[in-house]
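The values are calculated or read from the model by the stated rules, or taken from the named source; none is laboratory data. Note that the structure is predicted; figures quoted are calculated from it, not measured. Neighbour counts are summed over all protein chains in view; Cβ atoms, including those assigned to glycine, are modelled from backbone coordinates with ideal geometry. Side chains are part of the model used for accessible areas, which takes the heavy atoms of the whole protein and leaves out ligands, DNA and RNA. Shrake-Rupley method; radii C 1.70, N 1.55, O 1.52, S 1.80 Å.
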Amino acid sequence: MNLKTLALAIIALALAAVTARAGSEDIPDSLLTEDKVYELTFTDPDLAHRIVSAMRERTDISDYDLNILEGDLYVNNHKPVQALVHYRRTLGSDSVKGDAGNHMEVLHRMITCYDYLADEENKMRYARQLLDIAEAEGDAAMQAIARFTIGKSFYQQRNTEEGLRYMLQAVETMAGSDYKYKWDNLRYEYNTLIIYYIREHQWDTALAMTDSLERIVSASGDEPGIAGLADKERKTMLALRAVILSSMGRDDEARQCYDEWREIKGYNQDDYLMMPYLFGKGMYDDVIATYREHEQQLAEGGDTTNYHMVTVYKNVAKAHELKGEWHEAAIYYEKLAALRETLKEEEQRTSVLELAAIYELNEKNEIINEGQRRLLVTRFVIIGFLITTALLGALLWLAAHKRKALHRQNLLMAQQMQHYAELAEQYHNKLMSAPATAAKAAGDSGTPLFDQLEQLMLKDKPYLSPTLSRDDMVAALYTNKNKLI
């Protein structure tokens, strides 16, 4: 993809955003509800998209709910690629991470999209994820959805018996559940099974399932009502019954289904289901008339670049060819080739828009994550600073306390030393003033006791010891207590 295409796609994305914003300003607040969007899904999808855009600007509905709503709107109008953009956005939200039910709902929708796109690898990957979560949560409805998907995969791999068994078990489980979207899922599952039984030429089983489908179409569940859903589903069912009854040789009943089918106007996106009956009966003019009407409606609506128009061109070209109208067939085959080429280019632009949307989402998430990382680092720095400050304060307090204790101890020692010095001086003065006769009587060894005491005091300075006692002095002078007064 070149830079020019990328630039055009980005410009288109910006213009689409501006247009959507401008178009949403004239939506009254009374229409800004999820039920209204679902109601308009098939009858006026453009208005439904404008309502969603207005809801994003003017309501307090969560991004999770809005993305689910817009994704559903796209997928119900056969635009699975655009739907996936919105479903993927929800996977990183708190509404999904903290709620297994929401997580399973998103996976279910993504599986539907990948089924549309025939992306078996991603479809099975998410089906297995859904089954694991559903089993852990004990959710029977979601287990049924996951197993139906796995059964379809088995069937498409030509493991027919195993695939049908899985799907029938899934339908039975879903029918017995209280899932709020049970009827919508059952309609899809029965339609799928009917088509598969038609492929297997199991006409009786297929016909019986159309009777079950008719009862389901008439049932009402808790899901929001979608205007025209019953007519749309009945038209689909009539097309399937016409094909089945015709293949069983019950032509009158098949014709009756076809006539009733023609009376239901609109909802023509699934008209291809009637084509096997028309081609099988050689009703080529009816094929041409049906699809010429579709072509005119699409042209009037300004929407001619889509896969619905591909179906129109292909069936009209085939009908002209079978009639032997080679020139008309060639014209439509040429239109078909040109349209397919245009759609390839459109798919490239859509892919760019999808990537741009994903990039924008990732960029926003990265900004949020970066802010969270910075906040976390700031918190760690503050906590570290507080801890360090507390430790330093404690160390300073201990040092000051120890210093005061040492200072008090030094003062006490100085006082003791001063006291013993005074005592020594008193002893010295007393000894110096004692009579000579007393000295002579005190010592028979030739060295007077007071001389020994004086020498001891001057030499060893025992008075400096805070624990000096009389017994210590007696021992030092080698005398007794009676002689040392």
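In the range 389-410, the residues that are part of a helix (DSSP H, G or I) never reach a residue that is at pLDDT below 85 and surrounded by 10 or more Cβ atoms within 10 Å (Cβ to Cβ) with C-beta atoms less than 7 angstrom apart, at least six apart or across chains. The helices (runs of 4 or more DSSP H) located wholly in the range 245-333 that include 1 or more residues which are surrounded by fewer than 16 Cβ atoms within 10 Å (Cβ to Cβ) and either within 46 Å of the chain's Cα centre (by Cα) or of a type in the set (D, E, K, R) (or both) occupy 251-263, 284-300, 307-323. How many of the residues in the range 182-217 are of a type outside the set (A, V, I, L, M) and within 18 Å of Gln156 (Cα to Cα)? Counting residues in the range 182-217 that are of a type outside the set (A, V, I, L, M) and within 18 Å of Gln156 (Cα to Cα) gives 11. Report, by residue number, each residue of the range 179-209 that is modelled with pLDDT under 90, open to solvent by 70 Å² or more (accessible area, probe 1.4 Å) and not in a helix (DSSP H, G or I). Within the range 179-209, Lys180 is the sole residue that qualifies. May I ask you to list the residues in the range 36-54 that are open to solvent by 30 Å² or more (accessible area, probe 1.4 Å), within 13 Å of Tyr74 (Cα to Cα) and in contact (Cβ under 8 Å) with a residue 60 or more places away in the chain? If the condition is that a residue be open to solvent by 30 Å² or more (accessible area, probe 1.4 Å), within 13 Å of Tyr74 (Cα to Cα) and in contact (Cβ under 8 Å) with a residue 60 or more places away in the chain, then Phe42 is the only one that fits.
Of the residues in the range 136-145, not one is surrounded by fewer than 22 Cβ atoms within 10 Å (Cβ to Cβ), part of a helix (DSSP H, G or I) and β-branched (Val, Ile, Thr).
Tallying residues that are part of a helix (DSSP H, G or I) and over 22 Å from Asp29 (Cβ atoms) within the range 53-84 yields 9.
With respect to the conditions (1) modelled with pLDDT of 90 or more; (2) over 33 Å from the mean Cα position of the chain (by Cα); (3) not basic (Lys, Arg), Gly228 falls short on a single one, namely (1).
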